[in-house]
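Asks: One structure, pasted below without further comment.
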Amino acid sequence: SQQNEALFNELSGLDKKHIIHPSTNPKLHSEIGPKLIFESGEGIYLKDMGGKTYIDGVSMLWNVNVGHGVKELAEAAYEQMTKAAYTTTFYGYSNEASVRLAEKIAKVTPGDLNAIFYTSGGSESNDTAFKLSRSYWDIKGKKDKKLIISLRRGYHGVTIATQRATGIDAYREFSGSGDPNIVNAKPHMTECELGDKSHPEYEGSIRSIIEREGADKVAAVIVEPIQGAGGVHVPPEGYLKAVRALCDEFDIHMIADEIICGFGRTGKMFGVDHWDVVPDFICAAKGMTSGYVQLGGVIMREEIRDTFFTYDGMLPHGFTYSGHPTACAVGLKNLEILERDGLIENAAAMGEELQKGLNYLEDKYSFVGNTRSRGLLAGFDLMEDPAAGKPFETIKAAATVVEEAYKRELLIRPFDFTPGMNIVAIAPPLIVQKDEVEKI
Ligand code: PLP
């Protein structure tokens, strides 16, 4: 309507003037303004101010796991807000929602990952895991164990430490800063990490970095069970178990960045559950509340918790919103919905349907290759000749496909941050149904 158009134009003008957007081209944005201004959402659908309805094919930022417009989550927030919207967990204070959620998370995490340090998001969680790992080694008298090893194509956030752990150059190099105690392994989830010294990329593997730097300098290795923002990469069989074994061999922490994978995205509660691996830390955020409010956490094994329990002084770490009661109340309800409605099982089943669709694309189009998925975390490559491994050199194929999908009212995501890379990601909410998968 004309009224909507006038409102859109007003907001667009104000947006251009007053907001710098994340992961957006600022020059272009200052010229053209926002592409969409969302108005409302229901299930897997989002409506924009222009009245068009889009399928949210990536759950916005892979986080809206239960889908949009779930009133029960709003009610959980309302109930908590009208009791006490915010109380702090500093100074030994506590609140029921954060305790109940911590107990519930202890039940759904693998092994003895039974204690949590709450944060407000993913970067904060990874940053906190680095600090907790390093201070654990301090407590143990191993004060030189400071190095964090991460992987190429890993995405771990944008704080000064996590940007350095991120193995995507644009993020890693931005603003020229970063924690120098973080090194990126060069190879990306290849067999050399499994100990294959004949692999051409062995030099620069996690193992070779540990051997080069000395295990007494290394605090932790951080990996995403399935890499997301690096272009959806499922590790080779045995990979995560090998990383676990490497960490055990050298007395190093294994941090699983489950910020995308956690809470059902891959068809199991956590990504590591696919390979029966118990890391020392799980970092969570996103799906922990399905994005309804900001919440994250670092979940750790009992031995790490107990080591902190020997620390007899003030622990100088924490965020104003650590254990935020409203966020935790939403997190608790979100987990209840995931389990009650069988959404993780649905993600597994619908993931198979989605993979069938990707297989169809791969059969039908010569330029579609490497289709891959676990549950509802899926991706594929666009290449001039996938069989020969020949990338498109000049064509922005992923951006083109995503733009064409957009014209057909489907929101999906391109990854093309290095020359020749053309990856498309699909990750709809876990409530998606078979006919909707077919539509996607
Ligand atoms: N780790 C992973 C695997 C992520 O995908 C993200 C965000 O996309 C982050 C960390 C950072 O989380 P946040 O943006 O909440 O700080």
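No lab work stands behind these numbers, since they all come straight from the coordinates. Note that the coordinates shown come from a computational prediction; the quantities given were computed from them, not determined experimentally. Cβ placement follows ideal geometry from the backbone for every residue including glycine, while neighbour counts extend to all protein chains displayed.
Asks: For each of Met314, Met350, Met288, count neighbouring Cβ atoms within 10 Å of the residue's Cβ, then give the residues from fewest to most.
Replies: Numbers: Met314 8, Met350 24, Met288 31.
Ranking Met314, Met350, Met288 by Cβ neighbours within 10 Å, fewest first, gives Met314, Met350, Met288.
Asks: With labels modelled as points extended 7 Å from the Cα through the Cβ direction, what inter-label distance (nm, one decimal) is found for Thr87 paired with Ser198?
Replies: Placing both labels 7 Å beyond Cα along the Cβ direction yields 6.4 nm.
Asks: Around Arg153, which amide H atoms from residues at least 5 apart in sequence, or from another chain, sit under 5 Å from its own amide H, with H modelled in the peptide plane?
Replies: Distant-sequence amide H within range of Arg153: Gly167, Ile168.
Asks: Enumerate the calculated ³J(HN,Hα) couplings along segment 246-262 in order (Karplus 6.51 cos²θ - 1.76 cosθ + 1.60, θ = phi - 60°), each rounded to whole Hz, writing x wherever the residue is Gly or Pro.
Replies: The phi angles translate into 4, 5, 5, 4, 9, 6, 10, 6, 9, 9, 9, 7, 9, 5, 8, 5, x Hz.
Asks: Give me the distance in nm between label points sitting 7 Å out from Cα along the Cα-to-Cβ direction at Phe38 and Arg212, one decimal.
Replies: Placing both labels 7 Å beyond Cα along the Cβ direction yields 4.2 nm.
Asks: Still on this model: Describe numerically, in nm with one decimal, the distance between label points set 7 Å from Cα along Cα→Cβ at Ala387 and at Arg408.
Replies: About 2.5 nm separates the two model spin labels.
Asks: Could I ask something else about it? Label segment 61-216 by shape, choosing from rounded, prolate and oblate, from the square roots a ≥ b ≥ c of the eigenvalues of the Cα gyration tensor; if a/c is under 1.5 it is rounded, and otherwise prolate applies when a/b is larger than b/c, oblate when it is not.
Replies: Values: a/c = 2.20, a/b = 1.81, b/c = 1.22.
It is prolate, given that a/c is not under 1.5 and a/b is the larger ratio.
Asks: Sticking with this one: Considering only Thr89, Thr24, Thr418, give the residue with the highest GNM mean-square fluctuation for the chain, with springs between Cα atoms whenever their separation is below 10 Å.
Replies: Maximum fluctuation in the GNM of the chain, among the listed residues, is at Thr24.
Asks: Next question, about the same structure. Across the chain, where is the longest run that never hits GluC sites (Glu not before Pro) in a DSSP loop with at most 13 other C-beta atoms within 10 Å?
Replies: On the way: sites that count: Glu203, Glu237, Glu393.
Counting only loop sites that pass the neighbour cut-off, the longest clear stretch is 1-202.
Asks: Under 15 Å from the Cβ of Gly318, count the other residues' Cβ atoms, weight Lys and Arg +1, Asp and Glu -1, and hand me the total.
Replies: Values: positive: Lys131; negative: Glu124, Asp127.
Charge balance near Gly318 sits at -1.
Asks: Here's a follow-up. Expressed in nm to one decimal, what extension gain is obtained for the pair Glu79 and Met314 from 0.36 nm per residue of sequence separation less their Cα-Cα distance?
Replies: On the way: separation 235, 0.36 × 235 = 84.60 nm, distance 3.27 nm.
Residue separation times 0.36 nm, minus the Cα-Cα distance, leaves 81.3 nm.
Asks: Can you quote the Å³ per residue value for the convex hull of the Cα atoms in segment 90-138, rounded to an integer? Write down the numbers at each step before the final one.
Replies: Numbers: hull volume 5.3 nm³, N = 49.
Here the figure is 108 Å³ per residue.
Asks: How large is ³J(HN,Hα) for each residue in segment 69-76, as worked out from phi by the Karplus curve 6.51 cos²θ - 1.76 cosθ + 1.60 (θ = phi - 60°), to whole Hz, x for Gly and Pro?
Replies: Values, residue by residue: x, 7, 5, 4, 6, 5, 5, 4 Hz.
Asks: If you plug each phi of segment 37-45 into the Karplus form 6.51 cos²θ - 1.76 cosθ + 1.60 with θ = phi - 60°, what whole-Hz ³J(HN,Hα) values come out, in order, with x for Gly and Pro?
Replies: These are the phi-based 3J(HN,Hα) values: 10, 6, 10, 7, x, 8, x, 8, 10 Hz.
Asks: Okay, next question. List the residues, sorted by chain then number, that are 5 or more residues from Thr88 or on another chain and whose placed amide H is less than 5 Å from its amide H.
Replies: none
Asks: Separate question: Label segment 138-183 by shape, choosing from rounded, prolate and oblate, from the square roots a ≥ b ≥ c of the eigenvalues of the Cα gyration tensor; if a/c is under 1.5 it is rounded, and otherwise prolate applies when a/b is larger than b/c, oblate when it is not. Don't skip to the end; give the middle numbers.
Replies: Details: a/c = 2.98, a/b = 2.09, b/c = 1.42.
Prolate, because a/c is 1.5 or more and a/b exceeds b/c.
Asks: Let me ask something else. Looking at the square roots a ≥ b ≥ c of the eigenvalues of the Cα gyration tensor of the chain, which shape do they give, rounded for a/c under 1.5, prolate if a/b is larger than b/c, or oblate?
Replies: Oblate shape, in that a/c is at least 1.5 and b/c is the bigger or equal ratio.
Asks: Starting from the amide H of Ile426, placed 1.01 Å from N in the peptide plane, find each other amide H under 5 Å away whose residue is 5 or more places distant or on another chain.
Replies: Ala378, Gly379
Asks: Treat every Asp and Glu Cβ in segment 285-440 as -1 and every Lys and Arg Cβ as +1, leave all other atoms uncharged, and give the resulting dipole magnitude about the Cα centre to the nearest 20 debye.
Replies: Values: 16 positive and 23 negative charges, 51 e Å.
The calculation lands at about 240 debye.
Asks: On a straight-distance basis, which aspartates and glutamates could pair with Lys333 in a cross-link, Cα separation under 16 angstrom, same-chain partners fewer than 8 positions away excluded?
Replies: The qualifying aspartates and glutamates are Glu72, Glu75, Glu79, Glu96, Glu103, Asp341.
Asks: Between their Cα atoms, which of Lys47/Lys83; Lys241/Lys364; Lys27/Lys439; Lys107/Lys286; Lys27/Lys396; Lys407/Lys434 are more than 26 Å away from each other?
Replies: Details: Lys47/Lys83 32 Å; Lys241/Lys364 36 Å; Lys27/Lys439 34 Å; Lys107/Lys286 19 Å; Lys27/Lys396 19 Å; Lys407/Lys434 22 Å.
Violating the 26 Å Cα-Cα cut-off are Lys47/Lys83; Lys241/Lys364; Lys27/Lys439.
Asks: Could you list the trypsin sites (Lys or Arg not before Pro) in segment 38-144 that lie in coil according to DSSP, counting only those with at most 15 other Cβ atoms within 10 Å of their Cβ?
Replies: On the way: sites: Lys47, Lys52, Lys71, Lys83, Arg100, Lys104, Lys107, Lys131, Arg134, Lys140, Lys142, Lys143; in loops: Lys52, Lys140, Lys142, Lys143.
Here the trypsin sites (Lys or Arg not before Pro) that fit, given the DSSP loop and packing criteria, are Lys52, Lys140, Lys143.
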